[in-house]
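The structure under discussion appears below in the form of structure tokens.
The values are calculated or read from the model by the stated rules, or taken from the named source; none is laboratory data. It should be emphasised that the depicted structure is a prediction, and the values quoted were computed from it without experimental measurement. Neighbour counts are summed over all protein chains in view; Cβ atoms, including those assigned to glycine, are modelled from backbone coordinates with ideal geometry. For the accessible areas, the whole protein counts, side chains as well, though only heavy atoms, and no ligand, DNA or RNA atoms are used. Shrake-Rupley method; radii C 1.70, N 1.55, O 1.52, S 1.80 Å.
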Amino acid sequence: MFTRVEDVPRVLPLNRTPPPGPRAAEFFAGIGLVRLGLEDAGFTVPWSNDIEPDKHLMYTNHFQDDPLTHTYALGDVAEIGAADLPTGLDLAWASFPCTDLSLAGRRLGLVGKQSATFWHFTRILDELGAARPSVVALENVNGLATSHGGKDLVAAVSELNRLGYSVDILTIDARRFVPQSRQRLFLIGAQDPPQEQMDPAGEDPLRPDWLRWVFDSPGLRTHRAVLPAPPEPLQRGLAGAIEKLPPEDPRWWDEQRMDALVDSLSPLQAERIEVLRRRRTVTYRTAYRRTRYGVAVWEIRSDEIAGCLRTARGGSSKQVVVEVGKGRIRARWMTPREYGNLMGAPRYKIAGLRTNQALFGFGDAVCVPVVGWLGTHYLMPLVNGELGSDTYGVGWEAAHG
């Protein structure tokens, strides 16, 4: 179980050519954290796509790919067709925007620039015909399972069924790997699903009770792969992800700003912080700005885990680091390096980036070790037709605990 930043799965060093392995396409790639996790599991990623220029700059700045071995298709997925993808793909990964998968909105089917990005992803799979990859993986927020009363999830599964995929649905919290609470939903589509199935009545941390309804939905083709239990959720570890800035660093807030933060705390939170302040050791917490009864207040987490990182658009989405103990309390905005640490990418190259550019890139990404675990224990053996054997996962567990 990961308790320190250095314990998270490795990130491939710059300029290292990954070993040849099953080939994956990375839709809505952002800054490439999914790629890092897939490469950690043994995949090769020759093709990526995203529409955000700032994310593209971060991606190319970090990976420094040879254009002969990797293509980053910068632009709207609506403009991409099957002919733009490399041949011989084994996996297609799509971290599509949640707001676009809406039955109540302007869903225009598989044509038109304004139609939902999910439907363009499946349009491309449809165009690939017999050449479509044997496995697809989709990532989204847990809210997809209840969006429009579950109709959006049913629509997504039905569409993958139409393309020949049986679908598994599971949820993983990044807190199982890094000190950040970040729950995400994963849909795994398989043309040849595993024969060994999870007991539907058994306890399953990856498919909790609130998710099981979809497996009982009539007309849907689903499966439940037997997977090893993931690591238990971390209860602490935030300190290992925090940059230790000296007291004179200008990023620490001044006295006036600190007084405003403390004065806005509820009595319960103020008492809790005061107890921590009197301790002989320094501890770290994170805080968000909230609006309660029309008043902006600060709320500090009670545990040594970061809240879910978000994009740096809007003040309430930015997370604050609170350092408390030895008779003092300090606070400042979280740094880009801390965002990278909490996303399982402590060695991601950020020198020269604008702060908000880096925060947006990391906050809108997928946690690296989650992808690495899923890739090693599910996607790789599924692609190779060996899911359920003892062949895969041993190396990953030995390296990462």
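Rolling a 1.4 Å probe over the protein chains gives residue 148 an accessible area of about 80 Å².
Residues whose amide H falls under 5 Å from that of residue 116, counting only those 5 or more places apart or on a different chain, are 108, 109, with hydrogens built in the peptide plane. With θ taken as phi - 60° and the Karplus curve 6.51 cos²θ - 1.76 cosθ + 1.60 applied, the whole-hertz 3J(HN,Hα) list for region 262-268 is 5, 5, 7, 5, 5, x, 5 Hz, x standing for glycine and proline. Peptide packing for 349-358, 368-377 was compared via the average number of neighbouring C-beta atoms within 10 Å per residue; ordered from the highest value, the list is 368-377, 349-358. Annotation: amide H of residue 182 within the under-5 Å range of 174, 175, sequence separation 5 or more or interchain, hydrogens built in the peptide plane.
Farthest towards the positive end of the charge dipole of region 243-371, among the residues 284, 352, 319, is the Cα of 352, using unit charges on the Cβ of Lys, Arg, Asp and Glu.
Fully extending the segment from residue 245 to residue 162 would add 24.5 nm, taking 0.36 nm per residue of separation and subtracting the current Cα-Cα distance. Sparsely packed loop sites in region 190-286 (the GluC sites (Glu not before Pro) outside DSSP H, G, I, E and B with at most 13 other Cβ atoms within 10 Å) comprise 196, 203, 248.
Ranking 164, 146, 178 by how far each Cα lies toward the positive end of the dipole of region 144-184 (charges on Cβ) leaves 178 at the top. 3J(HN,Hα) couplings calculated from phi for region 353-369 with the Karplus curve 6.51 cos²θ - 1.76 cosθ + 1.60 (θ = phi - 60°) are, in sequence order, 7, 5, 4, 5, 4, 5, 4, 5, x, 6, x, 10, 10, 10, 5, 4, x Hz; Gly and Pro show x. With all protein chains kept in place, the per residue accessible area of the chain amounts to 43 square angstrom at a probe of 1.4 angstrom.
What is the list of residues in region 44-60 whose amide nitrogen lies under 16 Å from a point 7 angstrom out from the Cα of residue 386, following Cα to Cβ? Within reach of a label on residue 386, which here means backbone N under 16 Å from a point 7 Å along Cα→Cβ, region 44-60 contributes 44.
All C-alpha to C-alpha distances of the chain, sorted into 10 Å bins beginning at zero, yield P(r) values of 5, 22, 31, 25, 13, 5, 0 percent in whole numbers. You can think of it this way: the chain between residue 281 and residue 195 has 25.7 nm of extra reach, that is 0.36 nm per residue less the Cα-Cα gap.
Computed extension gain for residue 130 through residue 271, at 0.36 nm per residue and net of the alpha carbon distance, reaches 44.5 nm.
For the chain, the 222 nm mean residue ellipticity estimated from helices alone, with every DSSP H stretch of n ≥ 4 adding -39500 (n - 2.57) and the total spread over all residues, rounds to -7000 deg cm²/dmol.
Of the solvent-accessible surface of the chain, computed with a 1.4 Å probe and all protein chains present, 51% belongs to carbon and sulfur.
Close amide H partners of residue 92, meaning residues 5 or more places away or on another chain with modelled amide H under 5 Å apart, are 25, 135, 136, 137. In the context of the full protein assembly, residue 119 retains an accessible surface of approximately 10 Å², using a probe radius of 1.4 Å and ignoring ligands and nucleic acids. Accessible surface comparison of 283, 146, probe 1.4 Å, protein chains only, largest first: the order is 146, 283. Along region 240-254 the Karplus relation, 6.51 cos²θ - 1.76 cosθ + 1.60 evaluated at θ = phi - 60°, assigns HN-Hα couplings of x, 9, 8, 6, 8, 8, x, x, 7, 4, x, 6, 5, 5, 7 Hz to successive residues, with x for each Gly and Pro. Note on region 203-303: Kirkwood radius taken over Cα pairs, Stokes-Einstein applied at 10 °C and 1.306 mPa s, translational D equal to 87 µm² s⁻¹. Counting only protein chain heavy atoms and rolling a 1.4 Å probe, the accessible areas of 28, 96 rank, largest first, as 28, 96.
Cross-link partners of residue 244 among lysines, defined as those whose alpha carbon lies under 25 angstrom from its own and excluding same-chain residues fewer than eight positions apart: 318, 326, 349. Here the spin labels are modelled as points 7 Å beyond Cα on the Cα-Cβ line, and at residue 253 and residue 299 they lie 1.6 nm apart. Of all DSSP bridge pairs formed entirely within the chain, close to 65 percent run antiparallel.
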